[in-house]
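The values are calculated or read from the model by the stated rules, or taken from the named source; none is laboratory data. None of the values given here were measured: they were computed from a predicted structure. Methodologically, a virtual Cβ is constructed for each residue, glycine included, from the backbone with ideal geometry; neighbour enumeration extends over all protein chains shown. Heads up: the accessible areas ignore ligands, DNA and RNA and are worked out on the full protein's heavy atoms, side chains in. Shrake-Rupley method; radii C 1.70, N 1.55, O 1.52, S 1.80 Å.
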Amino acid sequence: MSTHESVSQQPVRLAQETGPDVRKLQTILRRIWPTGSDKGIAPQRALILLPMLTVLILAVLWITILERLRVEKDAALNDARVAARTEASALKTHTLKTIHDVDEIALLIKFGYESSPTTFDIRKYQAYGLVTADTALQVTIVDAEGRVIVSTIPFSGEVDLSDREHFRVHRERADVGLFLSHPVIGRISRQTSIQATRRIDRPDGSFGGVVVVSENPAWLTDGFYTNAALGEPRDAYATHPRCQERVPLDIRNDKLQLPGILMDTASSPALIRPTSEDDWQILKTVFLAALLDSPTAFGLSYATAAAFSEQQWRECASGQTQPQYLVAMVRGQAVGLIGDAMSRSREYNLIAMWVHSQYRGLGVAGRLVNAIQARAIERGQRRVVLRVSPDNTRAVGLYRRHGFQLLPEREALANQPGIIVQKMEWKRAG
């Protein structure tokens, strides 16, 4: 072989000597280092391949960008849905809590008036801080004919509300619980307000009038909307077709419908009333149920209570001896119990507090506590005390919400020395 042979001839010799693998290498080398006739073809191929490669790169880039945008859009929409559900759930909870609070005022006034209509004095409730301008724009009692007989706002002459929807609905139907009206112009306050109403029953069950708690329409959303988080409060308003005033949007769920709603008694129980001798079987049933549910909470064993005679239960229910009991009734069944008694040290005691598990969290317990507070006021008592296990955080929280404060006084239960209870007290304002 001559030493002057060209390099381009060497791959041919190698291909002949080595076989198909070398021919593949030869093809690759020719594409990289074109020789002879190939030199004119390479630039033409490059002119075609470069635009195609550019288009391919741009296509891959755009596909990547579009996919990324789709992923970010889906994530943003999902975040918005989660935020909207959270906000709606919070507003629902806030609204129901707000309605529950105003219903407690209506039930407190209803209980006080039904207990003693001839001596009822709403000024006591105002003086003791149970009804204030912070909790209600106005509280009114309307008699069976629709005439205003009591109001927290002074008025003169006869004020007739017999044409109002929130009066007629209770007069025509005995099964209506809490009713919320459309916004109306108050005939005493002269302000636009929503009327939260409860029926007043006479001792024979007949219609005796209506308790009216008037609230500003913004009351439903006050404390929920903030400028920083949700924008101006006007965002939650719409024009109601029956009123030119701007009123809160309808909020609808299983038991709630605004404005002009009927609160179902299942979600807004209950009738709170003292027991009488004829209620001895009701008291026995609810008391024994309470002992089965909370054996250590009443200072009395289930076996001891179950052994009481009919006469003993009649005496307990009669209200003629201490303690005196009140029951929470829903559709003729007792679902809650509470009692009061004066101790030897002349302390007015709240005792025997219990609510059936299916009715906890629905406001029954709060109404029972309010009933004892109202009885204390009617009897001229300045404070109410109770004893509760500090480990029972749910009960402690309930009593705190109703104005009770823990005192640094602890003691063991007489029948359960291993259980320590702590005293709490409520003092009326003034």
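Counting only protein heavy atoms and a probe of 1.4 Å, the accessible surface of region 87-126 is 55% carbon and sulfur. At an R0 of 60 angstrom, the distance between the Cβ atoms of ARG123 and ALA83 translates into a FRET efficiency of 0.80. Overall, region 51-179 carries a charge dipole of about 480 debye about its Cα centre when +1 sits on the Cβ of Lys and Arg and -1 on the Cβ of Asp and Glu, all other atoms neutral.
For region 68-155, the residue among LEU137, LEU91, ALA127 whose Cα projects farthest onto the positive side of the dipole built from Cβ charges is LEU91.
When all alpha carbon pairs of region 388-430 are counted in 10 Å bins from zero, the resulting P(r) reads 28, 49, 20, 3 %.
The slack in the chain from THR393 to THR64, taken as 0.36 nm per residue of separation less the alpha-carbon distance, amounts to 112.9 nm.
Rg ratio for region 82-179: its Cα radius of gyration over 2.2 N^0.38 Å, N being its residue count, equals 1.30. Rolling a 1.4 Å probe across the protein heavy atoms gives region 355-430 an accessible surface of 51 Å² per residue.
Modelled spin labels at SER343 and LEU300, positioned 7 Å past Cα toward Cβ, are 1.9 nm from each other.
Computed over the Cα atoms of region 132-216, pair by distinct pair, the Kirkwood hydrodynamic radius stands at 12.8 angstrom.
Directionally averaged projected area (region 42-105, Cα convex hull): 4.1 nm².
Taking the Cβ of ALA412 as the centre, find all other residues whose Cβ is under 14 Å away and add up their charges (Lys, Arg: +1; Asp, Glu: -1).
Once positives and negatives cancel, what remains is 0.
Of the peptides 281-289, 93-101, the order by per-residue mean of other Cβ atoms within 10 Å, starting with the highest, comes out as 281-289, 93-101. Ordering of 338-344, 388-394, 363-369 by packing is 363-369, 338-344, 388-394, highest average first (other Cβ atoms within 10 Å, averaged per residue).
Note on region 327-403: with charges restricted to the Cβ of Lys and Arg (+1) and Asp and Glu (-1), its dipole about the Cα centre is near 140 debye.
For a 32 Å ceiling on Cα separation, which of these pairs sit above it: LYS284/LYS423; LYS73/LYS97; LYS97/LYS124; LYS124/LYS423? From the list (LYS284/LYS423; LYS73/LYS97; LYS97/LYS124; LYS124/LYS423), the Cα-Cα distance tops 32 Å for LYS73/LYS97. Expressed as a whole percent, the accessible surface of region 280-430 that belongs to carbon and sulfur atoms is 48, based on a 1.4 Å probe.
Taking the Cα centre of region 371-430 as reference, the dipole from Cβ charges on Lys and Arg (+1) and Asp and Glu (-1) amounts to some 280 debye. Relative to the current alpha-carbon distance between VAL71 and SER156, full extension at 0.36 nm per residue lengthens the span by 23.8 nm. Relative intensity of region 312-361 on a log10 scale, I(q)/I(0) at q = 0.17, 0.30 Å⁻¹, equals -0.59, -1.12, per a Debye sum over C-alpha point scatterers of equal strength in the absence of solvent. Placing dummy labels 7 Å off each Cα toward the beta-carbon, the span from GLN312 to ARG173 is 4.5 nm. Radius of gyration over Kirkwood radius for region 299-430, both on Cα atoms: the Rg/Rh ratio is 0.95.
Placing R0 at 56 angstrom, the Cβ-Cβ distance between ARG383 and THR93 gives a FRET efficiency of 0.95 after rounding to 0.05.
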